[in-house]
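**Q** Below you'll find the structure I mean.
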Amino acid sequence: PEGIEQSPFDFKNHMRVAIATDCPRPSKEEGKMDLDYLSDMIAWCANRVEGGTLVLFTNHKEMRTIADRTQSAFNRANRELLIQGIDGKPNTIIPKFKKLGNAVLFGTDTYWTGVDIPGPALSQVILVRLPFGNFSDPIEQARKEHCLARGGNPFADISLPNAQIKFRQGVGRLIRSASDRGIITILDSRIVNQSYGNSFIATLPNRHYQRFSIDNREHAFPSAQG
């Protein structure tokens, strides 16, 4: 027999979704300006929410650069910054994150899946980028060439479906029990500025979201309580 199992989680009331609309689109030419924006916004959003924040990156170098730029902001807020690859492996860094209760954890691939941190120790998940793969990787390049040889569209057939799966996994880190509540913060403005963005929004457990920007974030950014 087949059927649809209803989720035991109250996403409508327990999950808030915030989408930044003014993040510069990723590009080599705007890389520096983009990292300036992301550093400012990540520090502000993390310090705005009580409890812990998990920041999910798609690029190790970007993660470490932003860690350097945000460290002082977290120090001033008396919040410990934990960084994948610097402060330990997941089996040591996650228990420490849970224990601290209001830490900020920067992670990449490993932390998009398999992280289970119920309670206020994880009150916000920040997705820095939509998690598209990198076709410069030899394996991804081979998949792209195979797709093209068969008359396919590498973006529509490979990149987009894979990114949607990983995006859904990252969002799924937030609500791990019926009593959990918190905020999903998405800093990649392509989700509202590009036509394919709707396909990502459709995967959210709560599709109602609030837009915010650097200019209006003081009043437009939601609270975890609604």
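**Q** Tell me, please, whether a residue that is touching a Phe, Trp or Tyr at 6+ places or on another chain (Cβ under 9 Å), open to solvent by less than 10 Å² (accessible area, probe 1.4 Å) and in a helix (DSSP H, G or I) can be found in segment 101-114.
**A** yes
**Q** Quick check on Glu50: is it modelled with pLDDT under 95, assigned to a helix (DSSP H, G or I) and closer than 21 Å to Gly107 by Cα?
**A** Criteria not met by Glu50.
**Q** For segment 68-84, enumerate the residues that are assigned to a loop (DSSP other than H, G, I, E, B), farther than 13 Å from Ile94 by Cα and open to solvent by less than 40 Å² (accessible area, probe 1.4 Å).
**A** Selection gives Arg79 alone.
**Q** Which one of the conditions (1) surrounded by fewer than 19 Cβ atoms within 10 Å (Cβ to Cβ); (2) under 25 Å from Gly101 (Cα atoms); (3) touching a helix residue (DSSP H, G or I) at 6+ places or on another chain (Cβ under 7 Å) does Arg207 fail to meet, given that it meets all the rest?
**A** With (1) surrounded by fewer than 19 Cβ atoms within 10 Å (Cβ to Cβ); (2) under 25 Å from Gly101 (Cα atoms); (3) touching a helix residue (DSSP H, G or I) at 6+ places or on another chain (Cβ under 7 Å) applied to Arg207, the lone miss is (2).
**Q** Filter segment 1-44 down to the residues that are in contact with a Pro (Cβ under 8 Å, 6 or more places away or on another chain) and open to solvent by 30 Å² or more (accessible area, probe 1.4 Å), then identify the one that is modelled with the highest pLDDT.
**A** Among those residues, the one meeting the criterion is Arg16.
**Q** Where in segment 161-226 are there helices (runs of 4 or more DSSP H), lying fully within it, with 1 or more residues that are free of Cβ contacts under 8 Å to residues at least 40 places away in the same chain, in contact with a Ser or Thr (Cβ under 9 Å, 6 or more places away or on another chain) and on the phi > 0 side of the Ramachandran plot?
**A** none
The values are calculated or read from the model by the stated rules, or taken from the named source; none is laboratory data. Since this is a predicted model, take the numbers as computed values, not measurements. Note that each Cβ is placed from the backbone with ideal geometry, even for glycine, and that neighbours are counted across all protein chains shown. Calculation scope for accessible area: heavy atoms of the full protein, side chains included, ligands and nucleic acids excluded. Shrake-Rupley method; radii C 1.70, N 1.55, O 1.52, S 1.80 Å.
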